[in-house]
Amino acid sequence: MLKLGIIGTNWITDQFIEAALSTNNYTLTAVYSRRLDTAAKFAEKYSGEIQLFDDLSEFVHSEVEVIYIASPNSLHFEQTKQAILAGKNVIVEKLAFSTQEEMAEIVALSRQQKVCVIEAARHLQEENYGLVKDFLANKTIIGANFTYMKYSSRYDQVLAGEEPNIFSPKFSGGAIADIGVYPIYAAVGWFGKPNEAYYFARKIATGVDGLGTVILRYNDFDVTIQQGKIADSDLPSEIYLTDGTLYLNGINAIEQADYYNRNEKQTYPVANGVANNPMVEEAFQFAKIIENIQDPIIQEKYNQLQEQSIIVNELITKMRKQAGIIFAADKK
């Protein structure tokens, strides 16, 4: 089993650990936090011998084999870099890195050190995502509309004059970096890299985007993405084909996908159902990649995931700058 170490002690880390342990491919070995008491409180929920660290260098040089990083976005680069230099594999939450320069350096360094660095775009690993991809393989697409809007309770802090991490340019926060990354990843995974990309953002008091509309232009169709963290939406996502429409109940986790054939006036199920913990499939697939990276087929899958990460990072970096959203990392 892979010896797992974690950076970041929030709810998403708990969800990943529970998913990872349920696959029987990981054992929780170490927890890092800037404060030992925080690490101890987090680790007490789990059984076994778990080492606690408040020194990042000591943590990355411990016996861990793979490190899951779920800290604020702006910290991912340095933490991942230290982990790579210590010979560790890394699973890093979205948005993995703040700029194209950070992404390029990490990719080059990981190849040099011969370790895996995987961005945790979990929905790409779900069976339903694959079923949709297979369904679209022989279809002619004429357009798509993806929606993912979820109100963040931390926006209340912004309204009160504060600057929480997820809405701070210092920590590479904002809607497109946190929410928009899901539909953008889906578009790139299903349709490839767009020819053009535009972002019409609505900025909030902290200087990042609260919500906005993305338009991705392909040769013969456009993808419109509505995403945000300061409003809620229950709208489905849709993919338009020459003979009908594919309806998705969501884009970040597909629980149901149905295709309506206009000519036949019939609806056909494409995908249905999802795991209780939506991170189980990604935890399993990431372990498979890390443990079997020498296999040519696995290596090819890893390379494809890495290439998608590079494309998504490039698109988000260019679009947020286009919209006047500047991170502290841009000024380095």
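For segment 2-23, what are the residues that are of a type in the set (Val, Ile, Thr), farther than 14 Å from Val92 by Cβ and open to solvent by 10 Å² or more (accessible area, probe 1.4 Å)?
Thr9, Thr23
Identify, by number, the condition in (1) at pLDDT below 95; (2) within 24 Å of Glu281 (Cα to Cα) that Glu49 doesn't meet.
(2)
Tell me, please, whether a residue that is among the polar types (S, T, N, Q), within 30 Å of Glu163 (Cβ to Cβ) and either modelled with pLDDT of 95 or more or in contact with a Cys (Cβ under 6 Å, 6 or more places away or on another chain) (or both) can be found in segment 200-209.
yes
State whether one or more residues within segment 219-229 are open to solvent by less than 50 Å² (accessible area, probe 1.4 Å) and farther than 18 Å from Gly189 by Cβ.
Yes; the residues of segment 219-229 include at least one that is open to solvent by less than 50 Å² (accessible area, probe 1.4 Å) and farther than 18 Å from Gly189 by Cβ.
Looking at segment 152-193, which of the residues that are under 19 Å from Val214 (Cβ atoms) and of a type in the set (Ser, Thr, Tyr) is nearest to the chain's Cα centre (by Cα)?
My answer is Tyr182.
When segment 74-127 is examined, which residues are found to be open to solvent by less than 10 Å² (accessible area, probe 1.4 Å), touching a strand residue (DSSP E or B) at 6+ places or on another chain (Cβ under 6 Å) and not β-branched (Val, Ile, Thr)?
His76, Ala83, Ala96, Ser110, Cys116, Ala120
Counting residues that are more than 19 Å from Lys332 (Cβ to Cβ), which helices (runs of 4 or more DSSP H) fully inside segment 68-160 reach at least 2?
The qualifying helices (runs of 4 or more DSSP H) are 100-113, 127-136, 155-159.
Could you grab me the full set of residues in segment 233-261 that are assigned to a loop (DSSP other than H, G, I, E, B), open to solvent by 40 Å² or more (accessible area, probe 1.4 Å) and over 21 Å from Asp220 (Cα atoms)?
Scanning segment 233-261 gives Asp234, Leu235, Pro236, Asn249, Glu255.
Tally up the residues in segment 312-327 that are surrounded by fewer than 18 Cβ atoms within 10 Å (Cβ to Cβ) and either within 14 Å of the chain's Cα centre (by Cα) or assigned to a helix (DSSP H, G or I) (or both), please. Even if it seems obvious, please write down each step before you answer.
Quick first cut of segment 312-327, residues surrounded by fewer than 18 Cβ atoms within 10 Å (Cβ to Cβ) only: 314, 318, 321-322, 324, 326.
Retained after the next criterion (residues that are either within 14 Å of the chain's Cα centre (by Cα) or assigned to a helix (DSSP H, G or I) (or both)): 314, 318, 321-322.
Adding up the residues that qualify gives 4.
Among the residues of segment 287-311, write down those that are among the hydrophobic types (A, V, I, L, M, F, W, C) and loosely packed, with under 15 Cβ neighbours inside 10 Å.
Within segment 287-311, just Ile297 meets the criteria.
Take the conditions among the small types (Gly, Ala, Ser) and at positive phi and apply them to Gly48. Does it pass?
Yes.
Given the options Ile251, Ile297, Ile293, Ile239, name the one that is under 30 Å from Ile69 (Cβ atoms) and in contact with a strand residue (DSSP E or B) (Cβ under 8 Å, 6 or more places away or on another chain). Write out each step before concluding.
On the way: Ile297 fails: in contact with a strand residue (DSSP E or B) (Cβ under 8 Å, 6 or more places away or on another chain); Ile293 fails: in contact with a strand residue (DSSP E or B) (Cβ under 8 Å, 6 or more places away or on another chain); Ile239 fails: under 30 Å from Ile69 (Cβ atoms).
Going through Ile251, Ile297, Ile293, Ile239 in turn, just one is under 30 Å from Ile69 (Cβ atoms) and in contact with a strand residue (DSSP E or B) (Cβ under 8 Å, 6 or more places away or on another chain): Ile251.
I need the full set of residues from segment 1-35 which are part of a helix (DSSP H, G or I), within 24 Å of Phe77 (Cβ to Cβ) and of a type in the set (A, V, I, L, M), in order please.
Ile12, Ile17, Ala20
Which of (1) in contact with a helix residue (DSSP H, G or I) (Cβ under 6 Å, 6 or more places away or on another chain); (2) open to solvent by less than 20 Å² (accessible area, probe 1.4 Å) does Asn165 not meet, given it meets every other one?
(2)
What's the total number of residues in segment 199-218 that are of a type in the set (D, E, K, R) and open to solvent by less than 30 Å² (accessible area, probe 1.4 Å)? Full working, then the answer.
First pass over segment 199-218, keeping only residues of a type in the set (D, E, K, R): 202-203, 209, 217.
This time we only want the ones that are open to solvent by less than 30 Å² (accessible area, probe 1.4 Å), so: 209.
Total satisfying the criteria: 1.
Does Ile91 satisfy the condition of being closer than 19 Å to Leu305 by Cβ and touching a Gly at 6+ places or on another chain (Cβ under 9 Å)?
When the stated conditions are applied, Ile91 does not pass them.
The values are calculated or read from the model by the stated rules, or taken from the named source; none is laboratory data. Predicted model only: the values in this text are computed from it and were never measured. So basically every Cβ, Gly included, is an ideal-geometry build from the backbone, and we count neighbours across all protein chains shown. Note: areas computed on protein heavy atoms with side chains; ligands, DNA, RNA excluded. Shrake-Rupley method; radii C 1.70, N 1.55, O 1.52, S 1.80 Å.
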